[in-house]
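**Student:** The structure under discussion is supplied below as structure tokens; questions concerning it will follow.
The values are calculated or read from the model by the stated rules, or taken from the named source; none is laboratory data. The structure displayed is predicted, hence computed values, not measured ones. Virtual Cβ from ideal backbone geometry, glycine too; neighbours counted across all protein chains shown. Accessible surface areas use protein heavy atoms only, side chains included; no ligands, DNA or RNA. Shrake-Rupley method; radii C 1.70, N 1.55, O 1.52, S 1.80 Å.
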Amino acid sequence: MTDPLPQSTRRVVLFAHFDRDGQIDDHVLYYLRGLREVAERILFVSDGALMEGQAERLGTLAELVHAGRHGAYDFGSWKLGFEALGGDVALYDEVIVANDSCYGPVFPFAPVFEAMADRECDFWGLTDGLVDGDIRYLTSNFLVFRPAVTRHAEFTRFWQEVTRQPDKTAVCRAYEFGLSQRLMALGFRPGRYLPQPFVAKELYSDVYFDDCLEEHRMPLVKVAVFSQNQQRVARLRERLDRMAQFYPVALIEAHVARLCGTAHPPIHDLPWRQERTRLASLPGTYRRSKYSRDLRWWWCYIRVLGVPVFAAARRVRAAA
């Protein structure tokens, strides 16, 4: 059984940052302030040179330990963070690794840590999922490690072995999935904040807003939802309005404006959830669809060049 955490839990954050323009945006500073409410120290690692004056924006929020291109993605940044932390890792009851791929905290982190304090686990994340039906992993944008893990030689060895990978997919396979699998193989118990697993794509979809954000007060939302909307979430502008009661959405709008040239690109105004049909490869041909909450098939009506066609859509749940 895992020893209970002390009431005054000591935490340190290793924060991975990347920005194509070498900037530290206001939403990143807001995120760091939220982390400082639950952690006494933040080590900030940027995978790229920062523009003049940007490092000073961190102030007393975080310690800048690296700003330069290493090309090893977030795990390379966290490796540098652990190297900078060194033997001090033993001083902390929880070590948090996080990155700037999310906006937050939409809701405070403190209730999340309070909820997880009594969970019998050795490392935990906000959610987990499955890859290829059988590879279980914790999503790496926010992970927390406790002393049983951080003091283990294999954990140290894992970070020493992190090297530059050819692309993001290789990073996920080797390190995001690999870390969880490696720790579980050693007998360490994973935990998650959300009461059920969500496959990765669901965290970029309507499911996030409907099942995670307001129902479970999920503290983070992916940047890519608002900058790319690959899962074609409907009415993002309306969802931003709903988020405004919990989070200063002007920070999101300013960041999206820098990335996309406008605070509200067309992807924010889709009237319904749209998805490319498997039966029509024509660009711009979509079908209305909805998720089935009971995992049954839903037959969805579409038109391709004026001809009625039926296609199937389903929501895929990861196994608990």
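**Student:** Search segment 78-96 for residues being open to solvent by less than 10 Å² (accessible area, probe 1.4 Å) and in a helix (DSSP H, G or I), and hand back the single one that is farthest from Phe15 (Cα to Cα).
**Tutor:** Taking the candidates together, the pick is Leu85.
**Student:** Does any residue of segment 47-54 turn out to be assigned to a helix (DSSP H, G or I), out of contact with any Lys or Arg (no Cβ under 7 Å at 6 or more places or on another chain) and surrounded by 19 or more Cβ atoms within 10 Å (Cβ to Cβ)?
**Tutor:** no
**Student:** Taking the condition touching a Leu at 6+ places or on another chain (Cβ under 9 Å) and over 27 Å from Glu215 (Cα atoms), does Glu161 pass? Write out each step before concluding.
**Tutor:** Values: touching a Leu at 6+ places or on another chain (Cβ under 9 Å): no; over 27 Å from Glu215 (Cα atoms): yes.
Against the criterion (touching a Leu at 6+ places or on another chain (Cβ under 9 Å) and over 27 Å from Glu215 (Cα atoms)), Glu161 does not qualify.
**Student:** Among the residues of segment 65-77, count how many are crowded, with 22+ Cβ neighbours inside 10 Å and part of a loop (DSSP other than H, G, I, E, B).
**Tutor:** Count: 0.
**Student:** Being β-branched (Val, Ile, Thr) and either open to solvent by 10 Å² or more (accessible area, probe 1.4 Å) or at pLDDT below 95 (or both) is the filter here, so list the residues in segment 20-46 that pass it.
**Tutor:** The first filter runs over segment 20-46 and keeps only residues β-branched (Val, Ile, Thr), leaving 24, 28, 38, 42, 45.
Across segment 20-46, the qualifying residue is only Val38.
**Student:** Only residues that are crowded, with 20+ Cβ neighbours inside 10 Å, of a type in the set (S, T, N, Q) and within 26 Å of Arg119 (Cα to Cα): list them for segment 164-206, please.
**Tutor:** Answer for segment 164-206, where residues must be crowded, with 20+ Cβ neighbours inside 10 Å, of a type in the set (S, T, N, Q) and within 26 Å of Arg119 (Cα to Cα): just Ser180.
**Student:** It is to be established whether one or more residues within segment 142-155 are over 18 Å from Ser101 (Cβ atoms) and among the aromatic types (Phe, Trp, Tyr).
**Tutor:** Step one: of segment 142-155, the residues over 18 Å from Ser101 (Cβ atoms) are 145-155.
With the extra rule that they be among the aromatic types (Phe, Trp, Tyr), the set shrinks to 145, 155.
Looking for residues that are over 18 Å from Ser101 (Cβ atoms) and among the aromatic types (Phe, Trp, Tyr), one finds at least one in segment 142-155, hence yes.
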